[in-house]
Amino acid sequence: MTSKSSGGEEDGGIRNGQASSDFPTLTEAATVVLTEEELLNLRRNLTEEKIAHAKYLRSHPEIDAIMRCAMQMLIMQRPDDPVSDLLEFFANTDLKAVLQAKEEERVRKEALVKQQHEVMRALPP
């Protein structure tokens, strides 16, 4: 019987973000438990799943915009309780309006930059 340190090894063998030598990694466990054919099918299924997820996200670009907006809010505000702030953000009934306003601001800034470039080109060297 090995002694447990008070450092919290009761967490399934994870110490400092690394697997304990007492516990195999997921890959090691899978290669022991699954046959070569099952591993091949698992890899194929995971690849198909990743492709399906990517297709879904490409077909819904608003998801990317929403997630970018949420992350920007967190990074800029750095709240003490980010989970609560995210819950409030996603519960916001005006989320569509917020995203539309951000898009309009982006388009406005883009037009301003383009205008500034045109003015700079028109100035003599």
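Here are a few things to note about the model shown:
- Filtering the range 58-90 to residues that are more than 17 Å from GLN100 (Cα to Cα) and polar (S, T, N, Q) leaves SER59, GLN77, SER84.
- In the range 78-125, the qualifying residues are those that are among the small types (Gly, Ala, Ser) and under 22 Å from the mean Cα position of the chain (by Cα), and the one that is surrounded by the fewest Cβ atoms within 10 Å (Cβ to Cβ) is ALA91.
- For the range 30-48, residues that are part of a helix (DSSP H, G or I) and touching a helix residue (DSSP H, G or I) at 6+ places or on another chain (Cβ under 8 Å) total 4.
- Residue list for the range 54-104, restricted to those being in a helix (DSSP H, G or I) and charged (D, E, K, R): LYS55, ARG58, GLU62, ASP64, ARG68, ASP85, GLU88, LYS96, LYS102, GLU103, GLU104
- Evaluation of ILE51 against (1) modelled with pLDDT under 90; (2) assigned to a helix (DSSP H, G or I); (3) hydrophobic (A, V, I, L, M, F, W, C) (one fails), failing number: (1)
The values are calculated or read from the model by the stated rules, or taken from the named source; none is laboratory data. Predicted model, so just to flag it, every value in this text is computed and none were measured. Cβ atoms come from the backbone with ideal geometry, glycine included; neighbour counts cover every protein chain shown.
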